[in-house]
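Scroll down for the structure; my scribbles are underneath it.
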Amino acid sequence: MRLLQLDLLIICLIAVHLCKCHAQQQPPFPTIAAISPEQIKDIGESVTLECDITNVGKFTVGWQKTNRERSQQVNTISLGPTLAVAEERFRVDVDKENNTMKYKLTISDIINTDAGLYECQIQVNSTSKVTNTVELQVRHPPILQDNLMSTTVTKAEGEDVKLSCVAEGYPRPSITWKREYNAILPIGGHSFSGNELSLSSLAKEDRGPYYCLADNGVGKADSRTINLEVEFAPVISVPRPKVAQAVEYDIELECIVQAFPSPAISWFKNGQQIHNGGSYSISQTGQPDDVTTSVVKISSVESSHYGDYICKASNKVGHAESRLNLYESVIPVSY
């Protein structure tokens, strides 16, 4: 029994000795002792990012860059003392100080796209690495992202809409919304701050250009125009509902239609549609603010021309009609 216990003790001692020997053969694990704090630079300046590593040994140290907004896009800048990018603006220096290796990445003549997250990494093995990150911010004027914006937005009257503007820049740009001629916004006030301008229960008076302005105090502000189109049914106005004219004299009947999309306009008398030809001449003139003026000219009025006329207008949103009356006068009337 004692011999068995002695054998077990000897085996344990041998195992401990082997473990110590194995541990002594393992190189010290590398660590990132320090890395530069966040850097904020202007376009054209230079910056040096420093990564201090202890026990680097034979491990490979590199710099990688990712974009905060596009984290899947990774660019390798350097591997060890060798650059992986063919740009003279970049330089890598490796200095030794006691047991610390200083890996310095210098970027000269900084441009807007240099902004991002720079990761100092040590590849420990095929599946793991030691990393630390420093962010480089580059001050630059705001740039509105056209690919994320619509220049024209079309909605029906009564619907809701969100007008959006997205801008890049550092510091982060503020977005301000205004209307043409500094008119009052549908939500009240002459301006609104925020990326999204939300409008509820649209009315036809809400249509028109809206200005999105991005500013961050660096350089010149950027601006875009978003045209809001509000579809609405025709609205008809008749300047002269009752018109008098003597026989054998000319007269014009006028109908003013406001609608979007542009309406189809037609004229009727006694249930029959009037067309160009004979005594009738019909013309239509487009005007600003989605207005169309339709005029029926009657040449050399006869007694059969007297009576009621109906102006009808329609589009995909709805329709409207209005009545005019032409009656006989004893003497010619000039309008």
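Observations
- Qualifying residues in the range 138-168 (those that are surrounded by fewer than 16 Cβ atoms within 10 Å (Cβ to Cβ) and either touching a Cys at 6+ places or on another chain (Cβ under 6 Å) or in contact (Cβ under 8 Å) with a residue 60 or more places away in the chain (or both)) - the one nearest to E50 (Cα to Cα): I143
- Only strands (runs of 3 or more DSSP E) whose full extent lies in the range 94-198 are considered here, and the ones with at least 1 residues that are outside the structural domain of N75 (by the TED database), more than 13 Å from Y210 (Cβ to Cβ) and among the aromatic types (F, W, Y) are 167-170.
- The listed residues are S279, S266, S283, S201, and the only one of them that is in the same structural domain as A156 (by the TED database) and of a type in the set (S, T, N, Q) turns out to be S201.
- Residue, nearest to I32 (Cα to Cα), within the range 79-127, restricted to residues that are touching a residue at least 40 places away in the same chain (Cβ under 8 Å) and among the basic types (K, R): K102
- Residue within the range 63-75 that is open to solvent by less than 50 Å² (accessible area, probe 1.4 Å), in contact with an Asp or Glu (Cβ under 6 Å, 6 or more places away or on another chain) and within 24 Å of V218 (Cα to Cα) present: no
- Among residues of the range 110-153, those that are charged (D, E, K, R) and under 29 Å from the mean Cα position of the chain (by Cα), counted: 4
- Selection within the range 199-220: residues that are assigned to a loop (DSSP other than H, G, I, E, B) and within 12 Å of V161 (Cα to Cα). The member of this set that is least open to solvent (accessible area, probe 1.4 Å) is L202.
- Applying the set (1) in contact (Cβ under 8 Å) with a residue 24 or more places away in the chain; (2) touching a Gly at 6+ places or on another chain (Cβ under 7 Å); (3) closer than 28 Å to G169 by Cα to T76 leaves exactly one unmet item: (1).
- For the range 99-108, the condition of being among the small types (G, A, S) and over 34 Å from the mean Cα position of the chain (by Cα) holds for none of the residues.
- For the range 169-183, a residue qualifies if it is free of Cβ contacts under 8 Å to residues at least 40 places away in the same chain and open to solvent by 50 Å² or more (accessible area, probe 1.4 Å), and the qualifying residues are K178, E180, Y181, N182.
- The lone exception for P186 - which of (1) in contact with a strand residue (DSSP E or B) (Cβ under 6 Å, 6 or more places away or on another chain); (2) open to solvent by 70 Å² or more (accessible area, probe 1.4 Å); (3) farther than 30 Å from Q137 by Cβ it fails: (2)
The values are calculated or read from the model by the stated rules, or taken from the named source; none is laboratory data. These numbers were taken from a predicted model, which means no experiment stands behind them. Glycine also receives a Cβ, built like all others from the backbone with ideal geometry; neighbour counts cover every protein chain displayed. What goes into the accessible areas is simple: the full protein's heavy atoms, side chains included, and nothing from ligands, DNA or RNA. Shrake-Rupley method; radii C 1.70, N 1.55, O 1.52, S 1.80 Å.
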